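Trainee: What follows is a structure written as structure tokens; I'll ask about it next.
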Amino acid sequence: MKIQIISLFPEMFAPVLETSMLWKAKDKGVVEYEYINLRTYGLGPRKTVDDTPYGGGDGMLLKPEPLFAAVEHAKIQDPEAFVYLMTPRGERLMQKRARELAQEGKGMIIICGRYEGYDERITTLVDRQVSIGDYVLTGGELPAMVLIDAVVRLIPGVLGGEKSAEIESFSHGDNLEFPQYTRPEDFRGMKVPEVLLSGNHAEIEKWRQAQSGSQKE
Ligand code: SAM
């Protein structure tokens, strides 16, 4: 899966995408990351990418010309890819959608907004608008990393133990994973529940099911 990220701050991505599971996915050849600096497509000698909004208002908007040029460049590299726009107005990202995108396996072109947002005309090139939650961040970079992490770890072959993705939180409706423990059995007087030490798999399964979905407020 080719993942192309359009951003004014492409340097933000490597520390996250080139670490741990996301790096392993790349190392295995399952994904390929490409960072497209929107500034490259800026206008004039100053490489301008933003302008004031028509109708007035605070802040600046990303101009359409650089955004269109960047997306068109990315499309040439991967014509089948879907274009995603990170925006608080988008569909809220859920585990179910992340799983679908991972299984679909289509390339992703991800646009990260900045400032007060973007010229609305960019949405004509966008297949999906994605929000990572009902709050506003400074830019689309962190949301894009959240989207990429949620999807890439679910691409078959990335996690290794596929079973862990099947039982983790939100894999079945909004169920949450049961509490887990590792050694030592007694840590500062806090003991591992007896049932987990019993070796009785049926009882352990029953306990886990009872505990699932009971942690969230
Ligand atoms: N003025 C916009 C609004 O009220 O919806 C917020 C703009 S925000 C400061 C700048 C950019 O950050 C957005 O264009 C978007 O790309 C990104 N962003 C901020 N919060 C986000 C969220 N919850 N989900 C996805 N993207 C977000």
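No lab work stands behind these numbers, since they all come straight from the coordinates. If you're wondering where the values come from, they're calculated on a predicted model, not measured in any experiment. Ideal geometry is used to build each Cβ from the backbone, glycine not excepted, and the neighbour counts take in all protein chains shown.
Trainee: With unit charges on the beta carbon (Lys/Arg positive, Asp/Glu negative), name the residue among 57, 126, 181 whose Cα is farthest towards the positive pole of the charge dipole of the chain.
Mentor: 181
Trainee: In whole Hz, with x marking every Gly and Pro, tabulate ³J(HN,Hα) for the stretch 113-127 from phi via Karplus 6.51 cos²θ - 1.76 cosθ + 1.60, θ = phi - 60°.
Mentor: Calculated HN-Hα couplings, in order: x, 8, 6, 7, x, 9, 5, 4, 5, 5, 5, 5, 9, 9, 8 Hz.
Trainee: Moving to a separate point now. Sorted from largest down, give the three principal axis spans of the alpha carbons of the stretch 153-203, whole angstrom values.
Mentor: Ordered largest first, the stretch 153-203 gives principal extents of 40, 20, 20 Å.
Trainee: Now for a different question. Specify the inter-centroid distance of the stretch 127-159 and the stretch 108-125, based on alpha-carbon positions, in whole Å.
Mentor: 15
Trainee: Where the eigenvalues come from the Cα gyration tensor of the stretch 64-167, what are the semi-axes √(5λ) of the equivalent ellipsoid, largest first, in whole Å? Present the calculation step by step, with values, prior to reporting the outcome.
Mentor: Numbers: eigenvalues 128, 57, 20 Å².
Equivalent ellipsoid of the stretch 64-167: 25, 17, 10 Å, largest first.
Trainee: What Kirkwood Rh does the chain have if only Cα atoms enter the pairwise 1/r average? Answer in Å.
Mentor: Working: mean 1/r = 0.0509 Å⁻¹.
Computed over the chain, the radius equals 19.6 Å.
Trainee: Quick one: Karplus J couplings for the stretch 178-195, per residue in order, coefficients 6.51, -1.76, 1.60, θ = phi - 60°, nearest Hz, x for Gly and Pro?
Mentor: Calculated HN-Hα couplings, in order: 5, x, 10, 9, 10, 4, x, 4, 10, 10, 6, x, 8, 9, 5, x, 3, 4 Hz.
Trainee: For each of 23, 207, count neighbouring Cβ atoms within 10 Å of the residue's Cβ, then give the residues from fewest to most. Don't skip to the end; give the middle numbers.
Mentor: Working: 23 15, 207 18.
Ascending Cβ contact count within 10 Å gives the list 23, 207.
Trainee: Another question about this same structure. With respect to the cross-link table entries 24/206; 26/63; 26/75; 28/206; 106/206, which display a Cα-Cα separation exceeding 29 Å? Mind dumping the intermediate values first?
Mentor: Values: 24/206 35 Å; 26/63 32 Å; 26/75 21 Å; 28/206 37 Å; 106/206 38 Å.
With Cα atoms farther than 29 Å apart: 24/206; 26/63; 28/206; 106/206.
Trainee: Determine the percent antiparallel among the DSSP beta bridges restricted to the chain, to the nearest 5. Before the final figure, lay out the partial values.
Mentor: Numbers: 5 of 26 bridges.
Approximately 20 percent, going by the DSSP bridge assignments.
Trainee: Then there's this: Charges at C-beta only: +1 for Lys and Arg, -1 for Asp and Glu. How large is the resulting dipole of the chain about its Cα centre, in Debye rounded to 20? Don't skip to the answer; put the middle values down first.
Mentor: Working: 26 positive and 33 negative charges, 41 e Å.
Value, rounded to 20: 200 debye.
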